[in-house]
Structure formats: C-alpha cells, structure tokens
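Values in this text are rule-based calculations from the coordinates and carry no lab data. Treat the numbers as computed from the prediction; the structure is a model and nothing was measured. Cβ placement follows ideal geometry from the backbone for every residue including glycine, while neighbour counts extend to all protein chains displayed.
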Amino acid sequence: MAKSIEDLCTEDCLLVAPWIGIDFAQQGVWRGKRFISLPARTFAILEFLVRHPNAVIATTQLLAVGWPGEPRVPDDLWRHVHRIREAIEVHPRQPRILVNRRGVGYCFRAPG
C-alpha cells in the first residue's frame with residue numbers, strides 16, 4: 001500500500017500542501033514520497049519563516065538567522081530562498097508559498 005505524506009513525515013511536520021511536508025526533525029522537505037534534505041543554513045531560514053507565518057520578515061533579519069554574527073549581502077540569502085522554493089513550490093519561478101515583498105523581505109504563506 002502506498003504511504004501518504006502523513007505516514008512519511010515525522011511527528012514534527014507541517015503540511016504545506018497535500019503532497020509537501022516540512023519535516024523539522026529531519027531538517028528537510030517531503031515532496032511526495034521523496035525526501036529533500038536541506039543544508040543547515042537553508043533549513044534555518046525556512047524554519048524561521050515557517051515559525052512566523054504570514055509575516056513579512058525583513059531581509060536583514062533573515063540574513064542574521066542564516067549567518068549569525070557574519071556580515072552578508074542579500075544575494076547570499078537569495079540563493080537559499082531559491083533552494084527553498086525548489087523544494088516547496090509547485091512552480092518555483094511563480095511562488096505562492098514563499099513570496100517576496102520587494103525591498104522589504106519574505107513571507108511564508110501559511111497553508112489553509
């Protein structure tokens with residue numbers, strides 16, 4: 001019998017869509033039956049956004065989450081946001097879950 005995303009995800013999991021789950025315990029994303037492990041910085045940024053749903057988080061704040069105490073530029077963040085979108089979006093070039101507020105930051109739209 002085929003397992004559902006609920007069966008594959010651990011207890012600490014957020015379903016973003018019926019076929020996408022963010023697995024906090026394993027620090028990655030279930031996309032259907034495939035697990036996508038995310039690098040530590042990338043997952044830290046995703047987790048921060050998910051823990052603050054529907055709020056626009058400033059780019060500077062996300063840089064501090066991904067690189068605590070290290071000076072970084074927005075291009076560093078963009079690469080990680082791109083990786084997150086590849087994991088959680090149906091169409092990463094047309095994001096609906098992790099959206100940008102130009103000149104401000106990013107917002108994780110909570111499911112439901």
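In the chain, which Cys residues have no partner Cys with a Cβ closer than 4.7 Å?
Lone cysteines by the Cβ rule: C107.
Taking amide H positions as placed 1.01 Å from N in the peptide plane, with prolines and chain starts having none, which residues 5 or more places from A110, or on another chain, fall under 5 Å of its amide H?
Counting only residues 5 or more places away or on other chains, the set is N54.
Could you tell me what a quarter of the Cα convex hull surface of the chain works out to, in nm² with one decimal place?
On the way: hull surface 27.9 nm².
Result: 7.0 nm².
Where does helix 40-50 land angle-wise versus the long Cα axis of the chain, in degrees 0 to 90, nearest 10?
80 degrees
If we count every other residue with Cβ under 10 angstrom of A64's Cβ, Lys/Arg +1 and Asp/Glu -1, where does the sum land? Intermediate results must be reported in sequence, preceding the final value.
Details: positive: R72; negative: E70.
Within the 10 Å Cβ shell, the charges total 0.
Most exposed first by the Cβ proxy, i.e. fewest other Cβ within 10 Å, how do I22, I57 rank? Intermediate results must be reported in sequence, preceding the final value.
Numbers: I22 25, I57 19.
If I rank by nearby Cβ atoms, fewest first, I get I57, I22.
Run the dipole for the range 52-112 about the Cα centre, Lys and Arg Cβ at +1, Asp and Glu Cβ at -1, nothing else charged, and hand back the magnitude in debye, nearest 20. Display every interim value, and only then the final one.
Working: 9 positive and 5 negative charges, 51 e Å.
Using Cβ point charges on Lys, Arg, Asp and Glu, the range 52-112 gives about 240 debye.
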